[in-house]
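Asks: Questions regarding the structure given below will be posed in turn.
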Amino acid sequence: MRPSIGANSPISIKPVLVDCADSSSTSLLLTFDQSRYLFNCPENTSRAFVQSRIPQKNLNNIFLSTPRVSHSAGTYGMLMGLADGNKQSARLIGPAGLRYMLACGRLFTRRQGMSVHINEFEPTGTLEEVFKDQLIRVYALGNHPRDQSQNDSQVISNRKRSPDSSTDADVSNKRAKLEPANSQPPGVVQSVPDSHATLPEIIDDMFRATGTARAFGKKNTTPAYSYQKLQAPDKSLNADPVSYLVIGPRLRGKFLPDKAKRLGVKPGPDFAKLVNGESIQVNGETVVTSDMCVEGGSAGSAFFISSIASLDQLGRTTLPNPACLSKVSDGANLVAVYHLVHEDAVLDERYIQWISTFGSDVTHFLSTPSHTPNLFTFEASALLQLKLNLIAPRSFPTPHYSLAPILPCSSPNLNLLSRYETFTFNSTRLTSDNNAQVDYTLFSCSSRSHLASKLGMKPGLLEELKSIESNDDCPVVPTEEARLANEIIVTTLGTGSAAPSKYRNGIYFRFIPPSILAAVCQYGIYLYLSEKSIIEPLGLSIGRVQWFNSEHLLQSSDKRLPTMRKVKDLISSGFEIETIPVTHWGKCFAVCIEHKIERWKIVFSGDTKPCQALIDAGQHADLLIHEASLGPEETELAETKGHSTIDQAIQVALQMNAKNCVLNHFSGRYPKIPPSINTSNDQQMNIVISFDFMSCKIGAIHDLQKFIPALEQMVEGLDIEETTDAGPSDPPPSSGKKSKCKKKEAGHTGAKDSGKLNRT
């Protein structure tokens, strides 16, 4: 007997993300009063929750169609966010490879106070029950292996899984051990007592329900801190996503107690059984069924999520017909089908024919990159970018969008999935929240004055901007060396901190040519990427990526020289690089890039407290990019978390005698420009606050600084988000000593923000 709830209980399905430039796949949220269920968790899911003001309360279960990055990249951040919200437990449900995927993030995903349970199943070509609780049942449908006949007519499997099937305890007979990597960098754990930990043990160590004697700081004693490489799964993982059939609870009608009494039923437990849809016996003879004394109600509803990634998968998938789905659904009415499929599949005659088998009472939703309009997911950030463009168009480009899909929707039965529409599960109503959608006519407005008025900007602001532009100081003719430095373009791609933000955490797409990529990183990053490549190809094949272990650049010559030879072979001379260990918890480095021939120097701080080693290395820098996580009044918090306040970052720049300073890595608490940036003591140095996608030449920072008063007015109405940028278990910061290496490289900082240097 399926569970039941009141007929008037609200049940809804809301798209959190749809296929567009901001998202790699679609994410759906099923909501009851008591619980929430998330289907797929791609990159930016947590930020989409913030943007749409969706509370994470009662979100306990996350279903993934595949452990591949496209559907799962946001899982690490989502789990840590749930833990920071004091949730005690969460569950991941998905096909084989789920544990391995989560364990790949062990070096950067850790929380105390919340346990994570895994329901991992082997997908097959039949519908199999993979989850059930007090509200829903979920069946998964995979595809047939490539060598199996596709004439199977029976889609329903007689084998059913309990809700606890294939959980952590099931893998005791197939231990996924850790094996040493080919080359372990010096300076990290050399012998790991827990190096033969199973994947469940690693995950339990990543998410500890309670504190243990093995504290986070003791990195060499816990499985989650192991630098040993994960052993590949016993067999190749099926990369194709699975489809899900979700069956909701029965909807109880109105119980008629007087009628029940007339039938001989006594008040008490028997009343409760009838309310829950059960039948009882009266006096050991008469059978009283629920429908005899309950008015209204229904068998509930179900919906199907169809996930087809390619024509090849379509050919190996037995799509369930409506009769099959009805039989599995135990009488529940199928009300919706979500088609999260490849654009080629939805145009295929086989798929079109399958859609036509459903009746008119089933609502179909389609989401593909080609059929869905490329709209903004983060409207607040897009509007901020538009306002910034109005003030300084050369430094702040407007974001791209498309109201028209690449391909038209060929089937009249398909509705394009929209984030602004919520489907009410138990009444099959589609409600729209058009007020949440940004006005796209603003982005095509040709009149600057009209746009300023529509954006609610201060009257006369455009005239002030013209006055600022015309009132230029008599520029000093730069030397040849200064001219070369001034032509370098700096683009701040992401300027936020660890927590998702409404206005910061940029997304930037750039075409990478098929030339060799030089990857300079710590061993942990290489370990993560190499382990993830087991799940799916990441383009890290031999010959395309040249790895440089940044740990070797800080060690003795026997480890350092081979890496340095590779650097010398790949990169021309003329650069001097200093990687400076800075004061932050964990290993974190600043980088100082200096060109000895062209005579310019750029310093990037990474995450750090004010650090004397960084000040010494960056003397007379043309540009310092420094983190400014917290406000001037939060010095103690910055000290605890190993970050800098805005005032401290400016003081570092002054002590460094830097010519220009760009502040970034801001907490979500501070979308506004702080007053301290306008002090008169900083006239010998240009200081600007960075925003996502801000792009300007070093020589233009002086001009951008003049617009700070206008920027202050522009951000006056922004919402301030109360977020926490570092977890409660952050250990105290550690300090390091300066190390120098005279070759070109890119230093890994551990920061969440990033920058790009271009030469024009």
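Asks: Among the residues of the range 81-98, is there at least one that is touching a residue at least 40 places away in the same chain (Cβ under 8 Å) and within 20 Å of Gly524 (Cα to Cα)?
Replies: No, there is no match, as no residue in the range 81-98 is touching a residue at least 40 places away in the same chain (Cβ under 8 Å) and within 20 Å of Gly524 (Cα to Cα).
For (1) in a loop (DSSP other than H, G, I, E, B); (2) under 27 Å from Asn549 (Cα atoms); (3) modelled with pLDDT of 90 or more; (4) among the acidic types (Asp, Glu), each residue gets a yes or a no:
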| position | (1), (2), (3), (4) |
| --- | --- |
| Cys592 | no, yes, yes, no |
| Val603 | no, yes, yes, no |
| Lys609 | yes, yes, yes, no |
| His620 | yes, no, yes, no |
| Thr640 | no, no, no, no |
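Asks: Using the structure shown, decide if Leu630 is under 27 Å from Asn549 (Cα atoms) and either of a type in the set (A, V, I, L, M, F, W, C) or outside the structural domain of Glu487 (by TED's automatic domain parsing) (or both). Break it down into steps so the answer makes sense when it comes.
Replies: Working: under 27 Å from Asn549 (Cα atoms): no; either of a type in the set (A, V, I, L, M, F, W, C) or outside the structural domain of Glu487 (by TED's automatic domain parsing) (or both): yes.
Taking the combined requirement at face value, the residue does not satisfy it.
Asks: Okay, next question. Confirm whether Phe63 is among the aromatic types (Phe, Trp, Tyr), under 16 Å from the mean Cα position of the chain (by Cα) and buried (at least 24 other Cβ atoms within 10 Å of the Cβ).
Replies: Values: among the aromatic types (Phe, Trp, Tyr): yes; under 16 Å from the mean Cα position of the chain (by Cα): yes; buried (at least 24 other Cβ atoms within 10 Å of the Cβ): yes.
The answer is yes for Phe63.
Asks: In the range 69-118, what residues are charged (D, E, K, R) and within 28 Å of Leu245 (Cβ to Cβ)?
Replies: Narrowing the range 69-118 to residues charged (D, E, K, R): 84, 87, 91, 99, 106, 110-111.
Matches in the range 69-118: Lys87, Arg91, Arg99.
Asks: For the range 275-371, which fully contained helices (runs of 4 or more DSSP H) count at least 3 residues that are surrounded by fewer than 14 Cβ atoms within 10 Å (Cβ to Cβ)? Explain how you work it out, then say what you get.
Replies: Details: elements: 311-315, 322-328, 343-346, 349-356.
Where helices (runs of 4 or more DSSP H) fall fully within the range 275-371 and carry at least 3 residues being surrounded by fewer than 14 Cβ atoms within 10 Å (Cβ to Cβ), they are 349-356.
Asks: Take the residues in the range 83-94 that are touching a Ser or Thr at 6+ places or on another chain (Cβ under 9 Å) and crowded, with 23+ Cβ neighbours inside 10 Å; name whichever of them is nearest to Tyr139 (Cα to Cα).
Replies: Gly94
Asks: Okay, next question. Can you find even one residue in the range 545-558 that is modelled with pLDDT under 70 and of a type in the set (D, E, K, R)?
Replies: Within the range 545-558 (the criterion being modelled with pLDDT under 70 and of a type in the set (D, E, K, R)), the answer is yes, since at least one residue qualifies.
Asks: Filtering the range 679-708 down to residues that are outside any helix (DSSP H, G or I) and more than 19 Å from Ile646 (Cα to Cα), which residue is modelled with the lowest pLDDT?
Replies: From the range 679-708, those outside any helix (DSSP H, G or I) are 679, 683-697, 706-707; that's our starting set.
Retained after the next criterion (residues that are more than 19 Å from Ile646 (Cα to Cα)): 693, 695-697.
Details: Phe693: 83, Ser695: 88, Cys696: 88, Lys697: 90.
Per the stated criteria, the residue is Phe693.
Asks: From the set of residues in the range 116-142 that are part of a loop (DSSP other than H, G, I, E, B) and of a type in the set (Gly, Ala, Ser), which is surrounded by the most Cβ atoms within 10 Å (Cβ to Cβ)? Quick ask: steps written out before the conclusion?
Replies: Step one: list which residues in the range 116-142 are part of a loop (DSSP other than H, G, I, E, B), which gives 122-126, 133-136, 142.
Among the residues that remain, those that are also of a type in the set (Gly, Ala, Ser) are: 125, 142.
Values: Gly125: 19, Gly142: 24.
Looking at residues that are part of a loop (DSSP other than H, G, I, E, B) and of a type in the set (Gly, Ala, Ser), I get Gly142.
Asks: Same structure, new question: Which condition number does Asn283 fail, the rest of (1) in contact (Cβ under 8 Å) with a residue 60 or more places away in the chain; (2) more than 30 Å from the chain's Cα centre (by Cα) being met?
Replies: For Asn283, the failing item is (1).
Asks: Being surrounded by fewer than 21 Cβ atoms within 10 Å (Cβ to Cβ), touching a strand residue (DSSP E or B) at 6+ places or on another chain (Cβ under 8 Å) and not β-branched (Val, Ile, Thr), is that true of even one residue in the range 68-76?
Replies: Among the residues of the range 68-76, not one is surrounded by fewer than 21 Cβ atoms within 10 Å (Cβ to Cβ), touching a strand residue (DSSP E or B) at 6+ places or on another chain (Cβ under 8 Å) and not β-branched (Val, Ile, Thr), which makes the answer no.
Asks: Could I ask something else about it? Checking the conditions here, which among Glu349, Glu343, Glu379 is within 30 Å of Arg53 (Cα to Cα) and of a type in the set (Asp, Glu)? Break it down into steps so the answer makes sense when it comes.
Replies: Values: Glu349 fails: within 30 Å of Arg53 (Cα to Cα); Glu343 fails: within 30 Å of Arg53 (Cα to Cα).
Testing whether each residue is within 30 Å of Arg53 (Cα to Cα) and of a type in the set (Asp, Glu) leaves just Glu379.
Asks: When residues of the range 592-613 are filtered for being surrounded by 20 or more Cβ atoms within 10 Å (Cβ to Cβ), out of contact with any Ser or Thr (no Cβ under 6 Å at 6 or more places or on another chain) and among the hydrophobic types (A, V, I, L, M, F, W, C), how many remain?
Replies: Residues flagged as surrounded by 20 or more Cβ atoms within 10 Å (Cβ to Cβ), out of contact with any Ser or Thr (no Cβ under 6 Å at 6 or more places or on another chain) and among the hydrophobic types (A, V, I, L, M, F, W, C) within the range 592-613 amount to 6.
Asks: Ok, one more. For the range 102-114, check the following and say yes or no: at least one residue is more than 25 Å from the chain's Cα centre (by Cα), buried (at least 22 other Cβ atoms within 10 Å of the Cβ) and touching a residue at least 40 places away in the same chain (Cβ under 8 Å). First the steps, then the outcome.
Replies: Quick first cut of the range 102-114, residues more than 25 Å from the chain's Cα centre (by Cα) only: none.
No, every residue in the range 102-114 fails to be more than 25 Å from the chain's Cα centre (by Cα), buried (at least 22 other Cβ atoms within 10 Å of the Cβ) and touching a residue at least 40 places away in the same chain (Cβ under 8 Å).
Asks: Among the residues of the range 397-415, is any at pLDDT 90 or above, among the polar types (S, T, N, Q) and either surrounded by fewer than 21 Cβ atoms within 10 Å (Cβ to Cβ) or under 22 Å from the mean Cα position of the chain (by Cα) (or both)?
Replies: The answer is yes, given that some residue of the range 397-415 is at pLDDT 90 or above, among the polar types (S, T, N, Q) and either surrounded by fewer than 21 Cβ atoms within 10 Å (Cβ to Cβ) or under 22 Å from the mean Cα position of the chain (by Cα) (or both).
Asks: Also, I was wondering about something else. Between Val288, Val335, which is in contact with a Ser or Thr (Cβ under 6 Å, 6 or more places away or on another chain) and not polar (S, T, N, Q)? Working first, answer last.
Replies: Values: Val288 fails: in contact with a Ser or Thr (Cβ under 6 Å, 6 or more places away or on another chain).
Exactly one residue qualifies, and that residue is Val335.
Asks: In the range 505-527, what residues are in a loop (DSSP other than H, G, I, E, B) and modelled with pLDDT under 70?
Replies: Let us first name the residues in the range 505-527 that are in a loop (DSSP other than H, G, I, E, B), namely 505-516, 522.
If the condition is that a residue be in a loop (DSSP other than H, G, I, E, B) and modelled with pLDDT under 70, then Asn505, Gly506, Ile507, Tyr508, Phe509, Arg510, Phe511, Ile512, Pro513, Pro514, Ser515, Ile516 are the ones that fit.
Asks: What are the pairs, 6+ residues apart or on separate chains, where a residue within the range 232-249 that is farther than 18 Å from Cys104 by Cα has its Cβ under 8 Å from a residue that is among the acidic types (Asp, Glu) and surrounded by fewer than 18 Cβ atoms within 10 Å (Cβ to Cβ)?
Replies: What qualifies is Ile247/Asp330.
Asks: Being of a type in the set (Lys, Arg) and more than 31 Å from the chain's Cα centre (by Cα) narrows it down to one residue among Lys387, Lys327; which is it? Can you show your working first?
Replies: Numbers: Lys387 fails: more than 31 Å from the chain's Cα centre (by Cα).
Answer to the check: Lys327.
Asks: Could I ask something else about it? Of everything in the range 709-720 that's surrounded by fewer than 17 Cβ atoms within 10 Å (Cβ to Cβ) and in a helix (DSSP H, G or I), which residue is modelled with the highest pLDDT?
Replies: Here the residue is Pro709.
Asks: Right, Ile577: surrounded by fewer than 18 Cβ atoms within 10 Å (Cβ to Cβ), modelled with pLDDT of 60 or more and of a type in the set (A, V, I, L, M) or not?
Replies: Values: surrounded by fewer than 18 Cβ atoms within 10 Å (Cβ to Cβ): no; modelled with pLDDT of 60 or more: yes; of a type in the set (A, V, I, L, M): yes.
No; evaluated as a whole, the condition is false for this residue.
Asks: Show the residue pairs that are 6+ apart or on different chains and have beta-carbon atoms under 6 Å apart, the first residue being within the range 35-54 and farther than 18 Å from Gly248 by Cα and among the β-branched types (Val, Ile, Thr), the second being assigned to a loop (DSSP other than H, G, I, E, B) and at pLDDT below 95.
Replies: Once the first residue is farther than 18 Å from Gly248 by Cα and among the β-branched types (Val, Ile, Thr) and sits in the range 35-54, its partners that are assigned to a loop (DSSP other than H, G, I, E, B) and at pLDDT below 95 give Thr45/Gly74; Val50/Pro500; Val50/Lys502.
Asks: Looking at the range 32-115, what helices (runs of 4 or more DSSP H) fall wholly within it and have at least 1 residues that are at pLDDT below 95 and among the acidic types (Asp, Glu)? Don't jump to the end; show me each part of the working.
Replies: Values: elements: 45-51, 69-72, 75-84, 98-104.
The helices (runs of 4 or more DSSP H) meeting that bar are 75-84.
The values are calculated or read from the model by the stated rules, or taken from the named source; none is laboratory data. These numbers come from a predicted model, not from an experiment. Glycine also receives a Cβ, built like all others from the backbone with ideal geometry; neighbour counts cover every protein chain displayed.
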